[in-house]
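The values are calculated or read from the model by the stated rules, or taken from the named source; none is laboratory data. From a predicted model like this one, the values you see are computed outputs, not experimental measurements. Note: accessible area is taken over every heavy atom of the protein model, side chains too, but ligands, DNA and RNA are not part of it. Shrake-Rupley method; radii C 1.70, N 1.55, O 1.52, S 1.80 Å.
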Amino acid sequence: MPYVEILAPPVAPDGKALLAKSVTNGLMSAFGIDAEIITLFFLPVVPGDYAHAGEMGAKDIGQRILLKVHAFRRSVAERRAAASALTEGVCAAYGVPGSAVAVYFLDRDKDEVAHDSRLASD
């Protein structure tokens, strides 16, 4: 933990590797954690296969990229630092402006996470 879901259009393998490294490094720095507990899931999105304001593939905003960070609650300062690092990584990997990137923090209490049948709070 944390787990990061990356919903984005396909990117070349070197872009995906760049993103994996920058997201991992960004979370390590922002949250003060080790790489061994960070997992990324790349969930491909078909370009144009999204809707905004009721319109499919709204051309005025372009394709948005969403990162959902599932992690134990962090301070506002830590989440701010993570948001900045993750956004920079996405921009570098995909060549998009920051306005195309959204980072959502889905905080969890330790009694809401289990690994190998054991709650993290136990």
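Taking the Cα atoms only, what angle lies between the long axis of helix 76-94 and the longest principal axis of the chain, rounded to 10 degrees? In the chain, helix 76-94 runs at an angle near 40 degrees to the longest axis.
Taking amide H atoms as placed 1.01 Å from N in the peptide plane, the amide H of Arg108 lies under 5 Å from those of Ala71, Phe72, Arg73, each 5 or more residues away in sequence or on another chain.
Report, to two decimal places, the Cα Rg of the chain normalised by 2.2 N^0.38 Å (N = number of residues). Each step should come with its number before you reach the end.
Working: Rg = 15.2 Å, N = 122, 2.2 N^0.38 = 13.7 Å.
Its radius of gyration relative to the 2.2 N^0.38 Å reference: 1.12.
Residues whose amide H lies under 5 Å from that of Leu40, counting only those 5 or more places away or on a different chain, are Val4; hydrogens are built 1.01 Å from N in the peptide plane. Heavy atoms only, probe 1.4 Å: what % of the accessible area of region 12-88 goes to carbon and sulfur, would you let me know? Carbon and sulfur: 58 percent of the exposed surface of region 12-88.
Based on the Stokes-Einstein relation at 10 °C and a viscosity of 1.306 mPa s, and on the Kirkwood radius from alpha carbon pairs, region 4-52 is assigned a translational diffusion coefficient of 132 µm²/s. Based on DSSP H segments of at least four residues, each scored -39500 (n - 2.57), the chain has a per-residue ellipticity at 222 nm of -10500 deg cm²/dmol. Per residue, the solvent-accessible area of the chain (1.4 Å probe, heavy atoms of protein chains only, all protein chains present) comes to 58 Å².
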